[in-house]
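S.K.: Quick one: the structure is below, questions incoming.
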């Protein structure tokens, strides 16, 4: 592929959906996509206020934005969101599956309801959104890019962990990504997963553990959301056109010094 990734029009006229895009990695991904010319839909599961603030930031970059409330674990909510985006914008070219939740619970104390809630959002929600986007992209006939947000917890067990449901879900996301990449390659739909290490977000704001995570990371610090968001945006461009089924680990060297 000729050209440089610094091309500010790399995603011009592309329409992207970022689930859980109101904060953290999702917000960073949405802004990175917009900076490359993409129109970006932001979804959130509860309050729309933070999402609307991100939408204003996106529109300030000269592209379109919209917000939708969407519970990714509910099929009807996902169907309605995709329908509205397609109706209003005409096409869906990029999907970033970032919506997720994490809970700290010892395995021996975990209830079935806790297990199901985390699996439903992180794994089933990713599948439902991939399925909806895949159907649209196949019908459109011009390919597309799906980027799922995984975790290093998909491949390593951190001690102490206490969120086996989250780790299992993220492991499932990695394998789901590889399977869909193989299945949809004939439609020129690329499916990749980005697996961050410990990043400064609301999900990891516990001051108790941040110093430990930084110490266990080769670079000696936690990651910034923008460092993950820029990789997600890169994967959406044609500069990553030969990448599908890949699991890109961005962990500051956490897994190299275990």
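S.K.: Does the range 148-179 hold any residues that are surrounded by fewer than 21 Cβ atoms within 10 Å (Cβ to Cβ) and not in a helix (DSSP H, G or I), and which are they?
M.R.: Correct list: 155, 156, 157, 158, 159, 160, 161, 162.
S.K.: Looking only at the range 28-62, filter to residues that are within 18 Å of the chain's Cα centre (by Cα) and farther than 27 Å from residue 140 by Cα; which one of those is surrounded by the fewest Cβ atoms within 10 Å (Cβ to Cβ)?
M.R.: Among residues in the range 28-62 that are within 18 Å of the chain's Cα centre (by Cα) and farther than 27 Å from residue 140 by Cα, the one surrounded by the fewest Cβ atoms within 10 Å (Cβ to Cβ) is 46.
S.K.: Sort through 65, 145 and tell me the only one that's surrounded by 15 or more Cβ atoms within 10 Å (Cβ to Cβ), under 19 Å from residue 44 (Cβ atoms), touching a strand residue (DSSP E or B) at 6+ places or on another chain (Cβ under 9 Å) and modelled with pLDDT of 95 or more.
M.R.: Exactly one residue qualifies, and that residue is 65.
S.K.: Which one of the conditions (1) surrounded by fewer than 22 Cβ atoms within 10 Å (Cβ to Cβ); (2) without any contact (Cβ under 8 Å) to a residue 60 or more places away in the chain; (3) touching a helix residue (DSSP H, G or I) at 6+ places or on another chain (Cβ under 9 Å) does residue 105 fail to meet, given that it meets all the rest?
M.R.: (2)
S.K.: Which of the residues that make up the range 198-219 are surrounded by 19 or more Cβ atoms within 10 Å (Cβ to Cβ), farther than 21 Å from residue 21 by Cβ and at pLDDT 85 or above?
M.R.: Within the range 198-219, 217 is the sole residue that qualifies.
The values are calculated or read from the model by the stated rules, or taken from the named source; none is laboratory data. Keep in mind the model is a prediction, meaning the values are calculated, not measured. No Cβ is skipped: glycine too gets one built from the backbone with ideal geometry, and neighbour counts run over all protein chains shown.
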